[in-house]
Amino acid sequence: MLSKYGELVRLVAERIERGDYRPGEAVPSLRTLQQQYGISLNTARRAYYELERLGYIEARPRSGYVVTAGGRTADQSVEAASLASPFPHPSLYDTRALSHAFVGAMRHYHDALVDPAPAGLPALRRQLARLAAQEGWEMHADEVLITCGGMEALSLAIGAVTHGAASPQVAVLLPAFPGLLGRLAEQGIRMLPLEVGADGRLDTTRLEAALAAGQLQAIALMPVHAHPHGCSLPSAVTQQLLALSERYDVPLIEDDAYRWLGFSGDIPSPLKAQDRAGRILLCGTFSKSLSPGYRVGWLLPGRYAAIAARLKTSHTLASPLPNQLALAELLAGNRYRPALARLTAGLGQRVRRLEADLAEVGLPVPQTAEGGCFIWLSGLPAPVTQLAAGSGHPALHFTPGNACHPGLAGAHALRLNASFYQPVQQRPALEALALRLRRLA
């Protein structure tokens, strides 16, 4: 049985390892420990001396004891566990400019409260219009609907195009963003799967039959740096889909989440730039590029603006003003560009390193990513359900392919988040995965 001193050392160490206290944060004072656990001040002091010796905490003048910068916190296990994460690694974001913008923007907070602007902060909508102009295409500020992240934009787009349909169906280009597939399933919307072949062509036979029969309410796709493989659609395919959209007057839902995250530095125009009839609903977000955690997105709903606005009002009424103010401040004067360049450079380096290591262990990636943070490993000789329970190394975590691609193709695929890849710790896991696949083949 542990002494009070030993039990206290164990409890505090466990809390630090779980991440309850992070590097630089203060742990409870000696007096607090004395009162909370009914121990003497000397016992509390002995426990903290031992935690200091073990490298968990350190004493700082006028701050008491804080978790050390190299303390054994939950972050270390996150590095190993998050190849399945849906977000880029937080260390790649330089949020200093955003933090300064947030502080500066609060000067205008009171004025912004006077007009709650359900469609979104006018200053932010104007900045989005200016960004489009810099990229060589046109949008108007009054067309923009600010949303609570990209997921709400996607949800509003789906709701707008399927509103009133007795048995709604949406064609989806696979593999696809899991959030899109989940939202369709939640709303009971049938999916017509589409897939670009190995030759880069899209067989539209089933799609055209469904369109001709009036069975489709929309076509959903991510044309640029698509989740989960990071590749952009061939121009021939996008023009093919645009032509079908026009011929059958069916809307396109364009997910624009990763367009700014290309490794080349170029930012291509969205398909929305070619829209002259309001058929394309563009769903954008700042969450992946400039402001992780702020949950600010936007929707260009085209001719579905009225119903999208009604749905927005019934869903969330309006988006949080402080975050919109901060982003409007950041975008003014292009102060976001250095942080975005740092992010895309970091993502590119990590993606290329993981692709190279996969090839070296005998698991070449079918499609070389052009942007984003994911690698899509498809065509595996065995279902990933046989791998999850025994990859041979505890550091390997991945997202099963059926999260992005329902059916047999997804069963033989997996998604890896390259931004969390740590070669020294996780290269052995890749080797174990390759060995296990060879044994199952």
Item to check | Contour excess over end-to-end distance, with Cα ends at Val424 and Ala209 and 0.36 nm allotted per residue | outcome: 72.3 nm
Checklist entry - Out of residues 5 or more away from Glu195 or on other chains, whose amide H comes under 5 Å of its own, with H placed 1.01 Å from N in the peptide plane? => result Leu174, Asp203
Checklist entry - Residue-wise, which Karplus ³J(HN,Hα) couplings in Hz belong to the range 262-277, taking 6.51 cos²θ - 1.76 cosθ + 1.60, θ = phi - 60°, and x for glycine or proline? => result x, 7, 7, x, 7, 10, x, 6, x, 4, 3, 4, 9, 7, 10, 10
Next on the checklist: For a Förster distance of 30 Å, can you work out the FRET efficiency between the beta-carbons of Arg45 and Ser99, rounded to the nearest 0.05?
Outcome noted: 0.25
Checklist entry - Roughly what % of DSSP beta bridges within the range 220-357 run antiparallel, to the nearest 5? => result 40
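Run the numbers for Gln36 and Lys4: contour at 0.36 nm per residue of separation, minus the present Cα-Cα distance, in nm.
Working: separation 32, 0.36 × 32 = 11.52 nm, distance 1.23 nm.
Here the answer is 10.3 nm.
Considering only protein heavy atoms and a probe of 1.4 Å, how much of the accessible area of the range 1-47 is carbon and sulfur, as a whole percent?
Working: 1420 of 2920 Å².
The C+S portion of the solvent-accessible surface of the range 1-47 is 49 percent.
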Checklist entry - To the nearest Å, what is the center-to-center distance of the range 99-157 and the range 1-61, using C-alpha atoms only? => result 46
Checklist entry - In whole angstrom, how far apart do the alpha carbon centroids of the range 228-270 and the range 341-387 sit? => result 21
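Suppose all protein chains stay in the model; what accessible area per residue would a 1.4 Å probe give for the chain, in Å²? Working shown, then result.
Working: 19970 Å² over 441 residues.
Per residue, the chain has 45 Å² of solvent-accessible surface.
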Checklist outcome for this item: As straight-line cross-link partners of Lys4, the qualifying aspartates and glutamates (C-alpha separation under 15 Å, not fewer than 8 residues apart within one chain) are Glu50
Checklist entry - Going highest first, how would you order 83-90, 263-270 by mean Cβ packing within 10 Å? => result 83-90, 263-270
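Given a 1.4 Å probe and every protein chain left where it sits, what share in percent of the accessible area of the range 328-441 is carbon and sulfur?
55
For the pair Ala84 and Arg18, what calculated FRET efficiency results from E = 1/(1 + (r/R0)^6), where r is the Cβ-Cβ distance and R0 = 22 Å, to the nearest 0.05?
On the way: r = 19 Å, r/R0 = 0.88.
After rounding, the FRET efficiency stands at 0.70.
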Item to check | All aspartates and glutamates inside 12 Å of Lys288 as judged from Cα atoms, apart from same-chain residues fewer than 8 positions distant | outcome: Asp256
Item to check | For Thr147, distant residues with modelled amide H under 5 Å away | outcome: Gly297, Trp298, Leu299
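Name the helices (complete DSSP H segments) of the chain with a Cα length along the long axis of 24 Å or more and a Kyte-Doolittle mean of at least -1.0, or state none. Could you put the intermediate results ahead of the total?
On the way: long enough: 337-360 (34 Å, -0.31); 423-440 (26 Å, -0.17).
Going by DSSP H runs, the hits are 337-360, 423-440.
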Item to check | Under-5 Å amide H pairs with Ile280, H placed in peptide plane, nonlocal only | outcome: Leu252
Item to check | Sulfur and carbon atoms: percent of accessible area, the range 138-215 [1.4 Å] | outcome: 49
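Of the DSSP beta bridges with both residues in the chain, give the percent that are antiparallel, rounding to the nearest 5. Please report the intermediate quantities before stating the final value.
Details: 20 of 36 bridges.
Rounded to the nearest five, the antiparallel share is 55 percent.
If the viscosity is 0.692 mPa s and the temperature 37 °C, what Stokes-Einstein diffusion coefficient in µm²/s follows for the range 305-441 when Rh is the Kirkwood radius over Cα pairs?
Calculated translational D: 185 µm²/s.
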Next on the checklist: Can you compute the modelled spin-label distance between Arg247 and Ala129, with each label point 7 Å from Cα toward Cβ, in nm?
Outcome noted: 3.6
Checklist outcome for this item: With 0.36 nm assigned to each residue of separation and the Cα-Cα distance removed, Arg201 to Arg335 gains 44.3 nm
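The values are calculated or read from the model by the stated rules, or taken from the named source; none is laboratory data. All figures in this text were calculated on a predicted structure; none of them were measured in a lab. All Cβ positions, even for glycine, are placed from backbone atoms using ideal geometry, and neighbour counts span all protein chains on display. Surface areas here come from the heavy atoms of the whole protein model, side chains and all, with no ligands, DNA or RNA. Shrake-Rupley method; radii C 1.70, N 1.55, O 1.52, S 1.80 Å.
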